[in-house]
Each structure stands twice: as C-alpha cells, then as structure tokens.
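Scroll down for the structure; my scribbles are underneath it.
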Amino acid sequence: MRSLFTNRRRMALKQVSSSKCFGGLQKVFEHDSVELKCKMKFAVYLPPKAETGKCPVLYWLSGLTCTEQNFISKSGYHQAASEHGLVVVAPDTSPRGCNIKGEEDSWDFGTGAGFYVDATEDLWKTNYRMYSYVTKELPQLVNDNFPVDPQRMSVFGHSMGGHGALICALKNPGKYKSVSAFAPLCNPVLCRWGKKAFTGYLGTDQSKWEAYDATCLVKSYPGSQLDILIDQGKEDEFLSDGQLLPDNFIAACTEKKIPVVFRLQEGYDHSYYFIATFIADHIRHHAKYLNA
C-alpha cells in the first residue's frame, strides 16, 4: 500500500487495491472524510488515456446496501470507459462505523443507505452528509489527486443512486455535463423508502424533503441545458411496488421542456444484470458531452 497526498490540503489517500483492466487501472482508495467524520473508501478507474493527459470524470452513485465494490465488480463498465477515455469514480453509499444508535437496524436506512442528503436531524447530522461528500469533498479530492479535467464532469447511478445522480445534477445547474440513471427513485417524497429516509434524516417537515426530490427539483430548474437518460426495467418489482415513480418525473420534465430519454426495457428487473446490459449506452451518452 502507498499513500498519495494532495498539494493543497495534504489529505492522505491510502491505496487499498489496484488491478489492470482494459489497459487502464481499477483502483480503490481509503481516506478520512472531513464531511462524514469517518474513514471512507472509493473506487477510481484510470483509463489508458490518463497516462498521457487529463481526462473527463464520471461519478457513479450506487443503490441501497451497496459499497464501492458492487459497481466495479458487476456492471462491466470498464471496456466502454477505457475506449472513451473516462475516469470513473464510485464512492460508498453511506458513512461507516459511526456508532450511531440504529444505524445498523435496517437495510434501507442508516449504513448503506445515505440517500445522498445532508441530514439535519441531531442523531445523523454530524456524519450523514453524503450530498456534500459526493458534490464537494470527493470531487475536490479527485481533482487534486488524479489526472482529471474538473470542468468536464458527469454523474449517473442506480436506484437510490439514480435518485442521487438526478438531484446532484438538478441542484447544481451547469456543474455536470450530463446525467443518467438506472431505475432511479424519481419522487422519493411519495414512496415508502423516501418517506422513511427523509423522516429519519431531515425530520417531519415535508417541505424540507423537496430539496432532495428530483420531481420537485425539476419544477424549479432554471433551464440550463441538461440531457437526461433513464433506463427502467419493465419487470422491476420496485416499479410495480410504487417505489420508483418515473411517470411523475417524466411529466414534470415534459412540462418544463427538459429533454429526457426514458427507455422501458422489456423483461429486465432491478439487478446488475440489467445495468450490465445497458451500461455501454450510458457511458456513450456521457462521453458525447464529456468529450465534446
């Protein structure tokens, strides 16, 4: 293991692993997070092009129960990222080991379920700041330590992470060149997962929830150019169960004239088999804007 140091903040990054893949390197690093007040791991893929110059960077946000490992080991994204010359960064989904009462009690709240919000409730607000982590601290860390162009950045994700990707793009007009999602939670203020998480992290005032709901955010989006791609499996149990609510998001986008390509994929479920099938399309979608 070796350590890297930023020039400005001298924040140590400890390399956990490194494996050659499609001519590039799939690495995992650990660091002490300022936002989350705990040790965090994140994965970064450096394509062959990163050896000779700065590359665009694409952030992947994973879903409930995932770590940084799920995406890098199951999605099969490496070949497309290598070919298009994209650095791909995949963080964990929550703080870990913070010894907060109740953080390990359920799979859809607490550990592995940070929901990409900055918590305001007393029990959670010190550590559960995943929104600030993925939009500020992590990009700063990546920009300081890897050969990336900070002006060329995009975001995508799956399920809870699809929700995360959409809100990151919608809350920061112009910051991300493009956004896409697989089976995202599109309207969490109205679904059981969202209501549970938002109540726990943000309290009972539902007006505060809307700041982290893609369908609500679209309605006040200022109209900066944003091209959204969403893939959704038609046999996804969480679609039929009312957890994802893509129709609400599409209606809001249509009303605001925000371009969204929504593809309902016949026969596919919510799993990484579904993601692996269409991941190259999503990498291409982002490369079109990142390499423009």
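Would you check if there is a residue in the range 86-104 being closer than 21 Å to Leu244 by Cβ, out of contact with any helix residue (DSSP H, G or I) (no Cβ under 8 Å at 6 or more places or on another chain) and at pLDDT 95 or above?
Taking every residue of the range 86-104 in turn, none turns out to be closer than 21 Å to Leu244 by Cβ, out of contact with any helix residue (DSSP H, G or I) (no Cβ under 8 Å at 6 or more places or on another chain) and at pLDDT 95 or above.
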| query | Which residues, counting only those in the range 208-241, are more than 17 Å from Phe262 (Cβ to Cβ), part of a loop (DSSP other than H, G, I, E, B), touching a residue at least 24 places away in the same chain (Cβ under 8 Å) and not hydroxyl-bearing (Ser, Thr, Tyr)? | reply | Asp213, Pro222, Gly223
| task | Looking only at the range 208-243, count how many residues are out of contact with any Lys or Arg (no Cβ under 8 Å at 6 or more places or on another chain) and modelled with pLDDT under 95. | result | 6
| field | Residues (over 16 Å from Val142 (Cα atoms), without any contact (Cβ under 8 Å) to a residue 40 or more places away in the chain and either among the charged types (D, E, K, R) or open to solvent by less than 10 Å² (accessible area, probe 1.4 Å) (or both)) located in the range 16-70 | value | Lys20, Lys49
| field | Enumeration of residues in the range 132-152 that are open to solvent by 10 Å² or more (accessible area, probe 1.4 Å) and not in a helix (DSSP H, G or I) | value | Phe146, Pro147, Asp149, Pro150, Gln151, Arg152
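Can you name every residue in the range 207-224 that is of a type outside the set (Phe, Trp, Tyr) and open to solvent by less than 10 Å² (accessible area, probe 1.4 Å)?
Within the range 207-224, Asp213, Ala214, Thr215, Val218 qualify.
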| task | Considering only the range 71-105, state which residues are without any contact (Cβ under 8 Å) to a residue 40 or more places away in the chain and closer than 23 Å to Cys191 by Cα. | result | Ser94, Gly102, Glu103, Glu104, Asp105
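The values are calculated or read from the model by the stated rules, or taken from the named source; none is laboratory data. None of these values were measured; they are calculated from a predicted model. Positions of Cβ are backbone-derived with ideal geometry, glycine not excepted, and every protein chain shown enters the neighbour counts. Accessible surface is based on the protein model in full, side chains and every heavy atom, while ligands, DNA and RNA are left aside. Shrake-Rupley method; radii C 1.70, N 1.55, O 1.52, S 1.80 Å.
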